[in-house]
1. When the residues of region B:178-195 are filtered to those that are assigned to a strand (DSSP E or B) and β-branched (V, I, T), which remaining residue is surrounded by the fewest Cβ atoms within 10 Å (Cβ to Cβ)?
2. Could you give every pair whose Cβ atoms fall below 6 Å, whose first residue belongs to region A:5-29 and is at pLDDT 75 or above, and whose second residue is acidic (D, E) and surrounded by fewer than 17 Cβ atoms within 10 Å (Cβ to Cβ), counting only separations of at least 6 or pairs across chains?
3. Can you spot a residue in region B:134-153 that is basic (K, R) and not in a helix (DSSP H, G or I)?
4. Can you tell which of B:A129, B:A74 is outside any loop (DSSP other than H, G, I, E, B), of a type outside the set (D, E, K, R), within 30 Å of B:P60 (Cα to Cα) and within 14 Å of chain A (Cβ to nearest Cβ)?
5. Can you tell me which residue in region A:70-87 is surrounded by the most Cβ atoms within 10 Å (Cβ to Cβ), limited to those that are facing chain B (nearest Cβ under 9 Å) and of a type in the set (D, E)?
6. Looking at this structure, is A:G88 under 16 Å from the mean Cα position of the chain (by Cα) and modelled with pLDDT under 75?
7. Residues of region B:105-122 being exposed (fewer than 14 other Cβ atoms within 10 Å of the Cβ) and of a type in the set (D, E, K, R), which ones?
Amino acid sequence: MGPGPQASGFTVTGNGADGGLEVSGTCPACHGWTVTPWPYGAVGSKGVLGSLLGRGAPAQEKPTGRRTVYCECGHLHPNRPETAWDYGCGAFWTVELPA
Amino acid sequence: MSRLDAWRWAQKAQRLQYEQLEITRKQAESWRTGLTGVTTLLAAVLVVKGRDGVGDLALPYRWLVPVLLAAALAMLVQATLTAVGAASGRPSDRTLLTGEDLRDWTRGEVARIERAVTRARRLTVGGVAAVAVAVVASWLAPVAAAKGPLVVVESAGGRLCGALLDTSGGSLIVKVGDNHQLVRLADVTRIRSVTACSR
């Protein structure tokens, strides 16, 4: 469905004040410009007692390693997967986060 | 994780970005309901506390019943909060919305919820059992022996203040502190009731 790990060609930058990230670059499949935001979002809990005692969520560690990116060039290409939710060609690959 | 799984997780994580308000609103509603339940626990535990007062129970039941009720309330409150936490999570917890981070968080959360439900179940059983024991104890525990009236006895030998217990062999028996004192009736010049003995 798409290319594998992309060693280069993508830029990972900070995204706003919440410490999130944004990856941008050229889709290796359709060559369209794609930008994917990765903010921090609410998803759930780490325990009740901790919240009562004032122990908040653990400090955010700097994310490292590979993350999956899919094409969000904004164009619905032919042969795009029917179940795809995004607006892109359907290709996906991985990008190494900067250390 | 297969490549297709990675793509699915990445898509799910991206969708979450646009559902933040719904997620946090739903968490707030669940917490509101749960916290209301905590408030009603207080009334529920006190309603089933048994007899009206435990002050007239013999020791150690006079202290055992309130301690059991307090422990029951603490266990039931913790059980409720644990269950709400398992059901709705905490809005302040955040994770990077990438497929890999969401997948790792989901795995950890599933294990945490399983532990939380087990803990909530044990706490609930313990709390209900403590209430039951407290109620039974409040009904069946012996009542403290009634004390005699406090009196001041003035006699030729001096002045005594204590609980009037009995007369025997021509003497009054007065309990002063932990000691029983005998005062010859013939020597008594005055007996008057008091509400407390000065120390």
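1. The first filter runs over region B:178-195 and keeps only residues assigned to a strand (DSSP E or B), leaving B:179-184, B:188-193.
Imposing the further condition that a residue be β-branched (V, I, T) reduces the set to B:183, B:188-189, B:191.
Details: B:V183: 20, B:V188: 16, B:T189: 9, B:I191: 16.
Across region B:178-195, the extreme among qualifying residues is B:T189.
2. From region A:5-29, the pairs are A:T13/A:E22; A:N15/A:E22.
3. To start, the set of residues in region B:134-153 that are basic (K, R) comprises B:147.
If we keep only those that are not in a helix (DSSP H, G or I) too, we end up with B:147.
Within region B:134-153, one or more residues are basic (K, R) and not in a helix (DSSP H, G or I).
4. Working: B:A129 fails: within 14 Å of chain A (Cβ to nearest Cβ).
None of the other options fit; the residue is B:A74.
5. A:D86
6. Working: under 16 Å from the mean Cα position of the chain (by Cα): yes; modelled with pLDDT under 75: no.
No, not satisfied.
7. Answer for region B:105-122, where residues must be exposed (fewer than 14 other Cβ atoms within 10 Å of the Cβ) and of a type in the set (D, E, K, R): B:R107, B:E114, B:R115, B:R121, B:R122.
Residues checked against (1) in contact with a Lys or Arg (Cβ under 7 Å, 6 or more places away or on another chain); (2) away from chain A (no Cβ under 14 Å):
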site: B:E109; (1), (2): no, no
site: B:T118; (1), (2): no, no
site: B:V125; (1), (2): no, yes
site: B:A156; (1), (2): no, yes
site: B:G162; (1), (2): yes, yes
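The values are calculated or read from the model by the stated rules, or taken from the named source; none is laboratory data. These numbers were taken from a predicted model, which means no experiment stands behind them. In this analysis, Cβ positions are derived from the backbone assuming ideal geometry, glycine residues included, and neighbour counts consider all displayed protein chains.
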